[in-house]
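The values are calculated or read from the model by the stated rules, or taken from the named source; none is laboratory data. These numbers were taken from a predicted model, which means no experiment stands behind them. Heads up, the Cβs are rebuilt from the backbone with ideal geometry, glycines too, and the neighbour counts pull from every protein chain shown. We work out accessible area using only protein heavy atoms, side chains counted, and drop any ligands, DNA or RNA first. Shrake-Rupley method; radii C 1.70, N 1.55, O 1.52, S 1.80 Å.
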Amino acid sequence: MDIAVIGSNMVDLITYINRMPVLGETLEAPDFQMGCGGKGANQAVAAARLGSQVMMLTRVGNDVFAENTVRNFASNGIDTRRVMRTEASSGVAPIFVDQESHNSILIVRGANALLTPQDIDAAIDDIKSCRLIVLQLEIPLDTVYHAIEVGHGLGIPILLNPAPATANLDYSRIASVDYFVPNETELALLTGKPVDTLEEITEAVTELVAKGMHNVIVTLGERGVLWVSEKGTQLIPSVSVDAVDTTGAGDAFIGCFSHALVSRWPIADALEMANAYAADSVTRRGTQFSYATAEDFTARTGVSMDKR
Ligand code: RIB
């Protein structure tokens, strides 16, 4: 197994809108799409579509959505032995995408809120065989902290995507992760520093690296990706495309980056590829619907996913 994703799954209910209704208003929207989502599941699916062997540790509910979610993991070649049924609703995410392709997302965590540290201990034999653990914050923080401790105990590198932004993240319990991948909002919340300019962002990140984080990678949307490590700072520029729906682009980035890491690509190359993969995903509607396989990605962009 290459990657263990310990995280969330959601059902994305995506409404394409002309504008948001105001309080008390009923408004017609032009289009709707339902699909599988959730930051953990999205990252797992992107990595699996690119060829990584992925296991998912997650909880689904006891409702009509659960079976479809499990089937979706399986049809993407993801190991579902640690996808557990739970006496709760499945996680759902009503999403609104406007005409400029920007999104607003509500999440109801449902079964995801019930993923426990004990669930990780129970899956330890499967986790042991992985070469990367990927985490986000749509599950309880104690479970995230425990996953980090377990990963360190097993000597497995850890990637933490601190999304969605959470004010009460305990820095001392995440400081040792190998890859920390926030966006600007998440970085601001964690560091309490201004992040309006590239200089301010670099300063905030450099402080995290000085405090012990190995690689901090900030996704900056149209400004690209900033990577800071003990070895230096590098800005990887964004790839310009006509975006129609940016939902899940950050997850496409992390799934592709994780795949490249376990394929032993140098970090700079992995970031460049992840950037291109995420850019490709925003040219299509939907979350996981927009994630390409390696073959589709190469056919569309001319960029090869072969090992470097
Ligand atoms: O990052 C995008 C994801 O955030 C969506 O799939 C939605 O489910 C929420 O988790």
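Report, by residue number, each residue of segment 83-103 that is at pLDDT 95 or above and open to solvent by less than 70 Å² (accessible area, probe 1.4 Å). Correct list: Val83, Met84, Thr86, Ala88, Ser89, Ser90, Gly91, Val92, Ala93, Pro94, Ile95, Phe96.
Out of Leu160, Leu198, one residue alone is at negative phi and open to solvent by 40 Å² or more (accessible area, probe 1.4 Å). It is Leu198.
Only residues that are in contact with a Ser or Thr (Cβ under 7 Å, 6 or more places away or on another chain) and farther than 15 Å from Gly40 by Cα were counted in segment 97-115, giving 4.
Condition (residue is open to solvent by 40 Å² or more (accessible area, probe 1.4 Å), farther than 24 Å from Ala270 by Cβ and either in a strand (DSSP E or B) or among the hydrophobic types (A, V, I, L, M, F, W, C) (or both)) applied to segment 48-58: is it met by at least one residue?
no
Among the residues here, Phe65 qualifies as at pLDDT 95 or above, open to solvent by 10 Å² or more (accessible area, probe 1.4 Å) and within 15 Å of the ligand (Cβ to nearest atom).
When you scan segment 174-182, do you find a residue that is open to solvent by 50 Å² or more (accessible area, probe 1.4 Å) and in a helix (DSSP H, G or I), even just one? Checked against the condition, which is being open to solvent by 50 Å² or more (accessible area, probe 1.4 Å) and in a helix (DSSP H, G or I), segment 174-182 yields no hits at all.
Out of all the residues in segment 199-233, which are of a type in the set (A, V, I, L, M), in contact with a Ser or Thr (Cβ under 9 Å, 6 or more places away or on another chain) and assigned to a helix (DSSP H, G or I)? Across segment 199-233, the qualifying residues are Ala204, Val205, Leu208, Val209.
Can Arg71 be described as open to solvent by 50 Å² or more (accessible area, probe 1.4 Å) and modelled with pLDDT of 95 or more? Here the answer is yes, as Arg71 does meet what is asked. State which residue is surrounded by the most Cβ atoms within 10 Å (Cβ to Cβ) when the search covers only segment 1-45 and only residues that are among the hydroxyl-bearing types (Ser, Thr, Tyr) and away from the ligand (no atom under 11 Å from the Cβ). Within segment 1-45, the match that is surrounded by the most Cβ atoms within 10 Å (Cβ to Cβ) is Tyr16.
What do you reckon, is Asp121 more than 28 Å from Val282 (Cα to Cα), surrounded by fewer than 18 Cβ atoms within 10 Å (Cβ to Cβ), touching a strand residue (DSSP E or B) at 6+ places or on another chain (Cβ under 8 Å) and not β-branched (Val, Ile, Thr)? Considered against the rule, which asks whether it is more than 28 Å from Val282 (Cα to Cα), surrounded by fewer than 18 Cβ atoms within 10 Å (Cβ to Cβ), touching a strand residue (DSSP E or B) at 6+ places or on another chain (Cβ under 8 Å) and not β-branched (Val, Ile, Thr), Asp121 comes out as no.
Any idea which residue in segment 251-308 is surrounded by the fewest Cβ atoms within 10 Å (Cβ to Cβ), counting only those that are in a loop (DSSP other than H, G, I, E, B) and within 15 Å of the ligand (Cβ to nearest atom)?
Arg284
Is it the case that segment 20-29 has a residue that's assigned to a loop (DSSP other than H, G, I, E, B), over 17 Å from the mean Cα position of the chain (by Cα) and among the hydroxyl-bearing types (Ser, Thr, Tyr)? Within segment 20-29 (the criterion being assigned to a loop (DSSP other than H, G, I, E, B), over 17 Å from the mean Cα position of the chain (by Cα) and among the hydroxyl-bearing types (Ser, Thr, Tyr)), the answer is yes, since at least one residue qualifies.
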